[in-house]
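Every read-out reported here was derived from the displayed coordinates using simple, explicitly stated rules and does not represent laboratory data. What you see is a predicted model, and the numbers here were worked out from it, not measured in a lab. All Cβ positions, even for glycine, are placed from backbone atoms using ideal geometry, and neighbour counts span all protein chains on display.
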Amino acid sequence: MIKSFFLFLIFTFLSSCSSEDAKQPKIEKLGTIDCDLVETTPIVFKDQVYRFEYVRQKYYANSTGDSYFRFINHETGKATPGFAKGYHLGSAFVDGDSVYVTAVDIWNGENIILFVSGDLQHWKSRMVLNLPNWGLFNTSLCKADDRYVLMFEVGKPIDVAGKRFTARFAESKDLQHWQLTDPQCTYTKERYSAPHALRYLEGYFYNFYLEAHDGWEMRVVRSKDLVNWQPSPLNPVLKASGKDKTITNTNLSAECMEKIKGAKNINNSDIDFCEYKGRLIINYSWGNQHGTEFLAEAVYHGTLHEFLKGWFSEQ
């Protein structure tokens, strides 16, 4: 009788544990590294890790009077010269010996511009897309076999975006000439699903996007054709938690630290990541989704291949 009761307790305990939690790729949140920074991209360039930053006009340490982009050396904290003054919502991508940054010239505007550099010091730019009467926001660029695919966030017109914000796509063979994919290549016009990071692996595109659910949380879907999408059974990828408020950057001002302490946190958004020496360096934002926002860092102790596949593991 005692043995049976003991076995019953074990079974009850195991049943109460989530099997999804056990399978889910484990992201270790390290904590907050800055205030008022949102869209960032970790990259590896010439065997060094950098964090691409979109410095907004109202960023507390921005004395230029306008928005701009820069890269921060992950090890030293040193910033590269600022560039792309007045541009917004940038995202970085590395291919060979060059770094590419896609961005919009105005929020909710019609143009996507590509910046190119071989040294993070000198930049050239060219137009990627001009879409009259569209409203464009975040972008993410990846390489898929023999072509490049750009995911971009659309807020209007309603026949394109549906319920804002929605992912649309364009592709190029050479990063010079671009064309929109078919209109059915989208995710998703049915509800709030703001796209942020696009990756490609073994025939699948992985779209890490923001879902309005229990606040706002990062989720992932994948597709072979950019039309039909499969949600991960292990979603969400990230959601708000107390660990977001851990202060990793001890050089933050006392004012900023107090702001972190008192901030309302109902959001994990704007995820992006890179692989370096067998693990992922992850950036994301947290806050209230209404202007009070913070930049945080996390790690995944495994490869990009393991991370992407892990969200759709059948084991």
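Compute the signed sum of charges (Lys and Arg +1, Asp and Glu -1) over the other residues within less than 14 Å, Cβ to Cβ, of Asp146.
On the way: positive: Lys143, Arg147, Lys173; negative: Asp95, Asp145, Glu171, Asp174.
Taking every Cβ under 14 Å from that of Asp146, the sum is -1.
Using helices alone, what [θ] at 222 nm do you get for the chain, with -39,500 (n - 2.57) per DSSP H run of 4 or more residues, divided over all residues and rounded to the nearest 500? Numbers along the way, then the final one.
Working: 5 runs with 40 residues, N = 315.
So the calculated ellipticity at 222 nm is -3500 deg cm²/dmol.
Bridging of Lys29 to aspartates and glutamates at a Cα separation below 17 Å is possible for Asp21, Glu217, Asp244, Asp270, Asp272, Glu275, Glu293, Glu297, once same-chain residues fewer than 8 apart are set aside.
By the count of neighbouring beta-carbon atoms within 10 Å, fewest first, Thr250, Thr186, Thr181 end up ordered Thr250, Thr181, Thr186. Overall shape of the chain was characterised from the C-alpha gyration tensor. The equivalent ellipsoid obtained from it has semi-axes of 33, 25, 19 Å, in decreasing order. In this structure, the pairs whose alpha-carbon distance is over 18 Å, taken from Lys163/Lys224; Lys26/Lys309; Lys26/Lys259; Lys58/Lys239; Lys239/Lys264; Lys143/Lys189, are Lys163/Lys224; Lys26/Lys259; Lys58/Lys239; Lys143/Lys189.
Averaging the Cα positions of each part gives two centres, and for the stretch 76-101 and the stretch 156-202 these lie 22 Å apart.
Of the chain, which part is the longest with no GluC sites (Glu not before Pro) in a loop (DSSP not H, G, I, E, B) and with at most 16 other C-beta atoms within 10 angstrom? Don't jump to the answer; show the numbers that get you there.
Numbers: sites that count: Glu75, Glu110, Glu190, Glu202, Glu314.
By the stated rule (loop sites, at most 16 other Cβ atoms within 10 Å), 203-313.
In the stretch 107-260, the DSSP beta bridges split such that about 100 percent are antiparallel, to the nearest 5. Normalising the average separation of contacting C-alpha pairs (under 8 angstrom, six or more residues apart) by the number of residues puts the relative contact order of the chain at 17 percent.
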